[in-house]
Amino acid sequence: MTQSLLRRAGKAVALNALGNWFGMVGSLVSLVFIARLLSPMEFGIFGMTLVVFSIPEIFASGSLNEALIQRRDLRPGHVSSVFIQSLVLAGVFSLGINLSAPLIADAFNRTELVPMIRVFSLSLFIGALTSVPSALLQKDLRYREITLVDIIGTVIAAVVGITLAFILQNAWALIFMELTRRIVRMLAFATMAKWKPSFKTSWAETRELSRFNTLNVANKVVQATGGTLSKALVGAVLGPAALGMYNMSARLLDQAKAAFVTPFAALSLPVAAQTQHDLRTLHRAIEGAMKVSALIAYPAFIGACVVAPVAIPVIFGEQWVSAVPTMQIFLLIGLRTPTTAFNAGVLNGVGRVDWTFKISLVGLVLTLLAVGATIHISLEAVAMAIFGQTLITWVLGAYAVKSSIGFPMRRQVIAGSSALFASVIMGATVWVSMQLMPDSISALLELIILVGIGIVTYVGALALVSPLLAKRIGQAAVMVAKGRRDEAIAVAKGAI
């Protein structure tokens with residue numbers, strides 16, 4: 001049973017990674033085209049629209065469905081209960097937002113937000129119809145279907161976004177691109193899960209999910225409140241252009257996390273839920289996933305941070321040069337994600353939602369204090385304050401995992417340490433190389449050379465820091481190339 005679960009989880013990770021990597025490339029390509037066509041101001045206006053919906057989306061689609069993944073004895077009445085609650089909440093919030101749209105636009109001093117907010121309110125109903133089938137697929141670790149949906153959604157949304165950016169030249173292109181992606185996901189998930197809406201449930205079945213849902217929703221609301229208020233303050237005090245740069249920085253971090261961390265962390269909730277009575281297996285799964293994630297994430301975050309001054313103007317255009325310092329800070333925030341990303345999923349999976357709520361509450365207080373103290377200094381100061389807040393909440397999360405499942409904090413801290421040391425060596429080498437580059441070389445050629453230096457240096461540094469690890473990874477890669485997948489998996493397990 002245990003080995004079967006771990007094999008399924010391993011396949012799910014691989015498929016999830018494939019979908020997320022494709023999604024990252026597709027999103028990055030569309031983002032590059034659109035960023036060159038639109039200004040930070042337009043991205044800021046789109047960001048203001050997203051701020052309005054960040055908390056309502058938690059109620060309508062972003063949290064209630066996790067109870068379906070966590071619960072072991074799931075019945076059709078539970079599924080229907082979550083669907084009904086999501087749909088009702090979507091209707092209530094949609095009505096409230098449509099009525100208050102002029103007031104919200106006045107608060108941001110942007111009248112063009114009114115129609116955008118009203119059109120984007122459709123996303124609440126789309127989310128309510130998506131949440132149940134997506135949860136059912138995740139519960140069964142059916143990441144083949146999820147990967148396919150993500151690829152299709154990314155491609156179609158990218159085509160719509162780029163086309164409309166050429167035609168409209170404003171934030172409406174971003175609005176319709178995001179709505180398109182969500183509609184595709186809604187239709188595809190419902191089809192893949194063979195799910196049909198049902199209203200057959202009972203009060204008893206609703207109440208059985210209530211404790212988990214209440215704490216989980218409260219946790220998500222607290223988390224979103226911190227991000228929402230910080231973005232609202234940036235937009236109100238520093239202006240929409242600053243908010244556009246802040247949102248772009250956060251989006252790059254999210255894209256990197258989705259590609260290098262989320263494929264592993266996404267499995268933490270369903271795997272923890274199914275192995276919560278077998279802590280030894282759970283410890284193995286968590287530590288192995290952290291190490292593999294770190295091998296990819298650490299060099300990606302450090303390398304991107306170092307080359308950002310060269311890469312951002314080349315990729316996004318000169319209008320984004322002012323955002324480089326903020327983007328670098330956000331990329332450094334990503335260094336803790338190979339461990340922090342697993343905490344919430346593990347805690348929720350073993351039913352300790354109370355811990356995630358407490359940590360989120362502390363994070364909210366720290367965010368408000370940090371942003372409030374730095375908002376009048378600069379955008380970079382706000383980003384540094386967020387960086388400090390994430391370090392503190394990571395310590396709390398590591399302690400919570402130790403208290404809940406006995407996974408030592410020391411093992412969490414050192415998971416992937418070899419990859420971190422090798423990445424630091426790589427980052428230093430690339431930075432020195434940047435200083436030695438002749439001024440006459442083109443920025444694009446410089447970027448290509450620096451990326452090549454980074455890859456070679458990281459591989460060499462990893463072999464120096466951990467020869468056995470590098471050897472095992474090389475053996476696994478050779479076996480994959482030869483089609484000997486099972487042997488490669490066995491070698492990879494030995495490496496981590």
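The values are calculated or read from the model by the stated rules, or taken from the named source; none is laboratory data. Owing to the predicted nature of the structure, the values given are computational and were not obtained by experimental measurement. Every residue, glycine as well, gets a Cβ built from its backbone with ideal geometry; the counts of neighbours run over all protein chains shown. Each accessible area value is taken on the protein alone, full model and side chains, heavy atoms only, with ligands, DNA and RNA left out. Shrake-Rupley method; radii C 1.70, N 1.55, O 1.52, S 1.80 Å.
Numbers for the structure displayed
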{"quantity": "Residue list for the range 283-294, restricted to those being surrounded by 23 or more Cβ atoms within 10 Å (Cβ to Cβ) and either of a type outside the set (Ser, Thr, Tyr) or in contact with a strand residue (DSSP E or B) (Cβ under 9 Å, 6 or more places away or on another chain) (or both)", "calculated": "Ala285, Ile286, Ala289, Met290, Val292, Ala294"}
{"quantity": "So Val222, is it part of a helix (DSSP H, G or I), at pLDDT below 80, under 28 Å from Glu145 (Cα atoms) and among the aliphatic types (A, V, I, L, M)", "calculated": "no"}
{"quantity": "Flag if Phe46 is under 23 Å from Ala218 (Cβ atoms), touching a residue at least 40 places away in the same chain (Cβ under 8 Å) and buried (at least 21 other Cβ atoms within 10 Å of the Cβ)", "calculated": "no"}
{"quantity": "Residue check, Val306 surrounded by 18 or more Cβ atoms within 10 Å (Cβ to Cβ), modelled with pLDDT of 90 or more, more than 20 Å from Pro40 (Cβ to Cβ) and among the β-branched types (Val, Ile, Thr)", "calculated": "yes"}
{"quantity": "Among the candidates Asp140, Asp150, residue that is at pLDDT below 85 and under 29 Å from Thr49 (Cβ atoms)", "calculated": "Asp150"}
{"quantity": "Selection within the range 419-459 - modelled with pLDDT under 90, of a type in the set (Gly, Ala, Ser) and surrounded by fewer than 19 Cβ atoms within 10 Å (Cβ to Cβ)", "calculated": "Ser440, Ser442, Ala443"}
{"quantity": "Which listed residue, of Trp320, Trp355, is at pLDDT 80 or above and closer than 30 Å to Arg211 by Cβ", "calculated": "Trp355"}
{"quantity": "Qualifying residue in the range 159-172 (condition: closer than 19 Å to Asn98 by Cβ, at pLDDT 90 or above, open to solvent by less than 40 Å² (accessible area, probe 1.4 Å) and in contact with a helix residue (DSSP H, G or I) (Cβ under 9 Å, 6 or more places away or on another chain))", "calculated": "no"}
{"quantity": "Residue under evaluation Gln276, criteria (1) modelled with pLDDT of 80 or more; (2) surrounded by fewer than 20 Cβ atoms within 10 Å (Cβ to Cβ), criterion not met", "calculated": "(1)"}
{"quantity": "Single match in Leu209, Leu229, Leu215, Leu136 (criterion: assigned to a helix (DSSP H, G or I), over 22 Å from Gly345 (Cα atoms) and not hydroxyl-bearing (Ser, Thr, Tyr))", "calculated": "Leu229"}
{"quantity": "Residue selected from the range 243-273 under the condition of a type in the set (S, T, N, Q) and farther than 18 Å from Ser134 by Cβ, by the criterion modelled with the lowest pLDDT", "calculated": "Gln255"}
{"quantity": "Residue list for the range 121-141, filter: in contact (Cβ under 8 Å) with a residue 60 or more places away in the chain and either out of contact with any helix residue (DSSP H, G or I) (no Cβ under 9 Å at 6 or more places or on another chain) or farther than 16 Å from Arg185 by Cα (or both)", "calculated": "Ser121, Lys139, Leu141"}
